[in-house]
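Below: one structure, written as structure tokens.
The values are calculated or read from the model by the stated rules, or taken from the named source; none is laboratory data. What you are looking at is a predicted structure, and each value in this text was computed from that prediction instead of being measured. Note that we place each Cβ from the backbone using ideal geometry, even for glycine, and neighbour counts take in every protein chain shown. We work out accessible area using only protein heavy atoms, side chains counted, and drop any ligands, DNA or RNA first. Shrake-Rupley method; radii C 1.70, N 1.55, O 1.52, S 1.80 Å.
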Amino acid sequence: MAVIDEMRSGFTRATMLMKIVWINVGVFVILRLMAIFGMFSATHGFIDFVLHWVEMPSRPALLLTRPWTPFTYMFAQYDLLHILFNMLWLYWFGTLFRMRCTARQMLALYIYGGLGGAVLFFAAYNLMPLFAGSTGWLIGSSASVMAIVTATAILIPDFRMNLFLIGSVSLKWIAIATIVLVLVGISGNNAGGEIAHVGGILTGALFATRLRKGRDITRPLNSLLDRCANLSRRPRTAPRPAPSASSRPSMSEADRRELDIILEKIKKSGYSGLTPDERRRLFDLSRNIK
């Protein structure tokens with residue numbers, strides 16, 4: 001029980017980005033353990049049965065019996081390489097995303113991206129002749145991750161990353177290359193999944209372009225989540241007045257200037273150009289952004 005309590009405490013203290021990562025990892029481990037159980041108990045088809053209650057089906061009749069799957073599919077992976085690459089991209093781009101947006105916006109965009117992918121996947125299977133008479137199953141966080149990747153590339157397009165064997169590359173070119181690979185993949189064996197990725201890309205682009213104009217499309221979802229959280233809480237003591245904006249912790253002007261200097265250095269020489277102290281300072285400052 002001590003281990004479970006420690007894990008629960010660690011999850012509570014984790015950043016929103018790491019909470020999303022750990023939920024995905026946790027679901028992956030549970031699905032794999034179920035597969036092992038089915039294998040040793042000689043229960044053929046057990047894991048397929050379990051997956052079909054987590055994956056999102058393309059057929060309307062099946063979706064009506066599994067209305068939760070447009071949400072559960074975006075937190076589930078079954079293949080090791082699938083979750084490995086998705087979580088690496090989520091961590092890298094999620095960290096950069098937090099330099100410009102809040103943790104709440106990241107969670108909402110993750111959900112929006114997954115739903116955008118689900119809508120496009122469902123529409124493609126039911127409207128396109130390519131999928132006539134076939135049933136598809138959607139699983140994985142790729143659409144959600146693509147939403148965050150695309151939004152980050154639009155919000156900070158000139159931020160540079162060092163890629164293995166390639167060198168320093170701007171985020172905008174990484175995003176463009178990723179989108180091209182997704183479009184090419186539509187002609188492959190996973191056409192439905194790649195179409196879902198396009199849904200995530202479009203969602204991320206919508207979020208970033210609207211945010212640049214001062215409009216946050218994640219606000220309605222965050223307001224709904226706040227209301228749900230407030231309803232689930234039972235006040236044990238008299239409510240305390242909400243802290244004023246001036247009492248909330250925020251980044252100081254000096255820290256803001258220091259962050260701008262570090263980001264400008266990254267634009268010119270890439271992340272590898274930072275000293276170890278600058279890297280640690282960048283990480284500390286990015287966690288304090290409200």
For the stretch 77-121, how many residues are among the hydrophobic types (A, V, I, L, M, F, W, C) and over 17 Å from L17 (Cβ atoms)?
7
Starting from residues that are small (G, A, S) and open to solvent by less than 50 Å² (accessible area, probe 1.4 Å), keep the ones in the stretch 2-40 and report whichever is farthest from L109 (Cα to Cα).
G38
For T135, all conditions in the list (1) out of contact with any strand residue (DSSP E or B) (no Cβ under 9 Å at 6 or more places or on another chain); (2) open to solvent by 10 Å² or more (accessible area, probe 1.4 Å); (3) not basic (K, R); (4) not in a helix (DSSP H, G or I) hold save one; what is the number of the exception?
(1)
For E55, all conditions in the list (1) open to solvent by less than 80 Å² (accessible area, probe 1.4 Å); (2) out of contact with any His (no Cβ under 9 Å at 6 or more places or on another chain); (3) farther than 15 Å from I139 by Cβ hold save one; what is the number of the exception?
(3)
Restrict the check to the stretch 217-232 and report whether at least one residue is surrounded by 14 or more Cβ atoms within 10 Å (Cβ to Cβ) and closer than 19 Å to F122 by Cβ.
no
Considering only residues that are open to solvent by 40 Å² or more (accessible area, probe 1.4 Å), under 16 Å from P57 (Cα atoms) and under 18 Å from the mean Cα position of the chain (by Cα), which ones fall in the stretch 98-132?
L115, V119, L120
Say we look at the stretch 235-277 and pick out the residues that are open to solvent by 70 Å² or more (accessible area, probe 1.4 Å) and of a type in the set (A, V, I, L, M, F, W, C); which of these is modelled with the lowest pLDDT?
A245
Total residues in the stretch 157-190, condition open to solvent by 20 Å² or more (accessible area, probe 1.4 Å) and either closer than 23 Å to H52 by Cα or part of a loop (DSSP other than H, G, I, E, B) (or both):
10
Do we find that R280 is charged (D, E, K, R), at pLDDT 70 or above and either in a loop (DSSP other than H, G, I, E, B) or under 21 Å from A14 (Cα atoms) (or both) in this structure?
yes
Can you name the number of the only condition in (1) outside any helix (DSSP H, G or I); (2) out of contact with any Phe, Trp or Tyr (no Cβ under 6 Å at 6 or more places or on another chain) that L202 fails?
(1)
Kindly evaluate S187 against the criterion of being of a type in the set (S, T, N, Q), in contact with a strand residue (DSSP E or B) (Cβ under 8 Å, 6 or more places away or on another chain) and more than 26 Å from Q105 (Cβ to Cβ).
no
Scanning the stretch 78-99 for residues that are assigned to a loop (DSSP other than H, G, I, E, B) and either in contact with a Leu (Cβ under 8 Å, 6 or more places away or on another chain) or hydroxyl-bearing (S, T, Y) (or both) gives Y78, R98, M99
Determine the pairs where a residue that is over 15 Å from A205 (Cα atoms) and modelled with pLDDT under 85, located within the stretch 162-178, has a partner that is open to solvent by less than 30 Å² (accessible area, probe 1.4 Å) and assigned to a strand (DSSP E or B) with Cβ atoms under 8 Å apart, the partner being 6 or more residues away or on another chain.
N162/V169; L163/V169
Log entry, pairs with first residue in the stretch 66-93 being touching a residue at least 24 places away in the same chain (Cβ under 8 Å), second being surrounded by 19 or more Cβ atoms within 10 Å (Cβ to Cβ) and hydroxyl-bearing (S, T, Y), beta carbons closer than 6 Å, six or more apart or on different chains, reads M74/S141; M74/S144; N86/S141; N86/S142; F93/T152
What is the residue count in the stretch 6-41 for residues that are closer than 23 Å to L81 by Cα and either more than 22 Å from the chain's Cα centre (by Cα) or not in a helix (DSSP H, G or I) (or both)?
7
